[in-house]
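Asks: Have a look at this one before I ask anything.
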Amino acid sequence: MTIYNFSAGPAVLPKAVLSQAQAELPDWHGSGMSVMEMSHRGKEYMGIHAQAEADLRELMNIPANYTVLFLQGGAHLQFAMIPLNLLRGKASADYVNTGEWSKKAIGEAKKYGGVNVVVDNADRNCSYVPAFDTWKRDANAAYLHYTPNETIGGVEFNWIPDTGDVPLVADMSSNILSRALDVSRFGLIYAGAQKNIGPAGLTLVIVREDLIGHAAASTPTMLNYKVHADNDSMYNTPPTYSIYMAGLVFQWLKQQGGIAAMEQANIAKAKLLYDAIDASHGFYNCPVAEADRSRMNVPFTLKDAALDGDFLKQADARGLLQLKGHRSVGGMRASIYNAMPLDGVRALVEFMKEFAAKQG
Ligand SMILES: *Cc1c(COP(=O)(O)O)cnc(C)c1O
């Protein structure tokens, strides 16, 4: 039976990447060592590290005046590092609140400075992206933070806010590398690796150079972007194996035709699933406004929540795993990241149709 894993994160990785990692596990390229056993200062690992960064730069077309950092601590640590490094003596920053992850970023930022919540979408249960002309922005904000893809709510921006001279900061943990992106529109992009990049333990930060070097004086050394930038992300031991795995994923993405090809595949997968939900005559329902539906995380409920248990059990038996929705939303959630093949979504849609038909 073919298994398809719809976990929101840590999430599915490309089969080809897992096989390559398996083959290389005990002895990387004849070095006699596993990547896990290599000194991070040795030439083998330094090569892996540099190649991963070069491939990422190529994939995302990252301009030369942006620094790529391989950090730890997850997206959660960025919720603190961003205000610590980017407030730069200013009184406050703008935050867009579109759901659970926005709220967490806001809560943490409040410890370090003023937070101006420019807009929220609570009036419709966090199910849409509020129009830009309704945002109450502060022209003196140190930066504007938003969450382009709310992993739990399944709400995704299909546009990039134009904040002028105010640096735009984006938590792309769940949609980085899933669509074409003009990096130059952003001051800083960050992402925990475990959704669309690789294993947990690695956090990616892409930051415009002029925003580095202004951390508050009391900032811990390890939380200062400048320390990591000056040391090529090797101030201390980096998460070497996670970076190696991310590098394999970057090479896989290039083999698939890069981000543009990935985006087309992601559009096709999402359409297939949303169409099935919408054609179910209300048996399945997606609560998200049509224009703002995520291509990566598809939440849906069953008409009768009493059927949730049966749905999950039967899905499991068919090899369709980890479909249970987030506890705060309920129902189901299918995460269909880059590594989820179209066949996986086909199998899910087929099962959903059968299940609905059986319930009559
Ligand atoms: C998963 C997720 C996080 C949390 O990531 P950690 O790496 O576990 O800290 C934050 N933001 C978004 C959008 C996420 O999807």
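Asks: Ignoring ligands, DNA and RNA, what percent of the accessible area of the chain is carbon or sulfur (1.4 Å)?
Replies: On the way: 7780 of 15240 Å².
Carbon and sulfur: 51 percent of the exposed surface of the chain.
Asks: Through the Karplus equation 6.51 cos²θ - 1.76 cosθ + 1.60, θ set to phi - 60°, convert the phi angles of segment 67-84 into ³J(HN,Hα) values in whole Hz; use x for Gly and Pro.
Replies: Working through the residues one at a time gives 9, 9, 10, 9, 10, 10, x, x, 4, 4, 5, 5, 4, 8, 4, 4, x, 4 Hz.
Asks: Express the relative contact order of the chain as a whole percentage, based on alpha carbon pairs under 8 Å and six or more residues apart in sequence. It would help to have the intermediate numbers written out before the result.
Replies: Values: 669 pairs, mean separation 84.5, N = 360.
It rounds to 23 percent for the chain.
Asks: Looking only at segment 203-240, which residues have a backbone nitrogen under 14 Å from a spot 7 Å from the Cα of Asn65 in the C-beta direction?
Replies: Zone members listed by number: 207-212.
Asks: Hey, another quick one. Name the residue, out of Asn97, Asn175, Asn224, whose mean-square fluctuation peaks in a Gaussian network model built on the chain with Cα pairs under 10 Å.
Replies: Between Asn97, Asn175, Asn224, it is Asn224 that shows the largest mean-square fluctuation.
Asks: Ordered by residue, what ³J(HN,Hα) values in Hz, to whole numbers, does segment 310-315 give under the Karplus form 6.51 cos²θ - 1.76 cosθ + 1.60, where θ = phi - 60° and Gly and Pro are x?
Replies: Per residue, the Karplus-derived 3J(HN,Hα) values read 4, 4, 5, 5, 5, 4 Hz.
Asks: Run through the DSSP bridge list for segment 101-244 and note the antiparallel percent, rounded to the nearest 5.
Replies: Working: 7 of 13 bridges.
Antiparallel: roughly 55 percent of the beta bridges in segment 101-244.
Asks: So for segment 285-335, averaging the separation of alpha carbon pairs under 8 Å that are six or more residues apart and normalising by length, what relative contact order in percent results? All intermediate terms of the calculation are to be shown ahead of the outcome.
Replies: Working: 52 pairs, mean separation 19.8, N = 51.
So the answer I get is 39 percent.
Asks: Is segment 49-135 rounded, prolate or oblate when judged by the Cα gyration tensor, a ≥ b ≥ c being the square roots of its eigenvalues, rounded requiring a/c under 1.5 and prolate requiring a/b larger than b/c?
Replies: Details: a/c = 2.11, a/b = 1.58, b/c = 1.34.
It is prolate, given that a/c is not under 1.5 and a/b is the larger ratio.
Asks: Moving on. Rounded to the nearest 500 deg cm²/dmol, what is the calculated helix-only ellipticity per residue at 222 nm for the chain, with -39500 (n - 2.57) per DSSP H run of length n ≥ 4? Write down the numbers at each step before the final one.
Replies: Details: 9 runs with 122 residues, N = 360.
Helix contribution divided over all residues of the chain: -11000 deg cm²/dmol.
Asks: Just check segment 79-215 against the gyration tensor rule for me: Cα atoms, a ≥ b ≥ c as the square roots of the eigenvalues, rounded for a/c under 1.5, and otherwise prolate or oblate depending on whether a/b exceeds b/c. Don't skip to the answer; put the middle values down first.
Replies: Working: a/c = 1.40, a/b = 1.05, b/c = 1.34.
Here segment 79-215 falls in the rounded category.
Asks: Return the single residue from Leu25, Leu13, Leu302 with maximal mean-square fluctuation; model: Gaussian network over the chain, springs between Cα atoms under 10 Å.
Replies: Of Leu25, Leu13, Leu302, the most mobile in the Gaussian network model is Leu25.
Asks: Continuing with the same structure: Compute the Cα gyration tensor for segment 16-255, then decide on rounded, prolate or oblate, letting a ≥ b ≥ c be the square roots of its eigenvalues: rounded whenever a/c is under 1.5, prolate when a/b is larger than b/c in the other cases, and oblate in all that remain. Could the numbers behind the result be given before it?
Replies: Working: a/c = 2.22, a/b = 1.62, b/c = 1.36.
Prolate, because a/c is 1.5 or more and a/b exceeds b/c.
Asks: How big is the antiparallel share of DSSP beta bridges in the chain, given as a percent to the nearest 5? Could the numbers behind the result be given before it?
Replies: Numbers: 21 of 37 bridges.
Bridges in the chain that DSSP calls antiparallel: roughly 55 percent.
Asks: With every protein chain left in place, what is the accessible area per residue of segment 2-127 in square angstrom, probe 1.4 Å?
Replies: On the way: 5880 Å² over 126 residues.
Computed with neighbouring chains in place, this is 47 Å² per residue.
Asks: Run down the lysines and flag those whose C-alpha is under 17 Å from the C-alpha of Lys90, throwing out any fewer than 8 positions away in its chain.
Replies: Candidates past the 8-residue exclusion: Lys110, Lys111.
Asks: For the chain, modelled as a Gaussian network with Cα springs under 10 Å, which listed residue fluctuates most, Ala347, Ala305, Ala170?
Replies: Between Ala347, Ala305, Ala170, it is Ala305 that shows the largest mean-square fluctuation.
Asks: Another question about this same structure. Setting aside same-chain residues fewer than 8 positions from Lys271, which lysines have a Cα under 22 Å from its Cα?
Replies: Once the sequence-local lysines are set aside, what remains near Lys271 is Lys195, Lys303, Lys324, Lys353.
Asks: Expressed as a rounded percentage, what relative contact order does segment 257-359 have, with Cα pairs under 8 Å and six or more residues apart? Don't skip to the end; give the middle numbers.
Replies: Values: 109 pairs, mean separation 30.8, N = 103.
Computed value for segment 257-359: 30 percent relative contact order.
The values are calculated or read from the model by the stated rules, or taken from the named source; none is laboratory data. Model, not experiment: these values are computed from the prediction. Neighbour counts run over all protein chains shown; Cβ positions are idealised from the backbone, glycine included. To get the accessible areas, we keep the full protein, side chains included, count just its heavy atoms, and leave off ligands, DNA and RNA. Shrake-Rupley method; radii C 1.70, N 1.55, O 1.52, S 1.80 Å.
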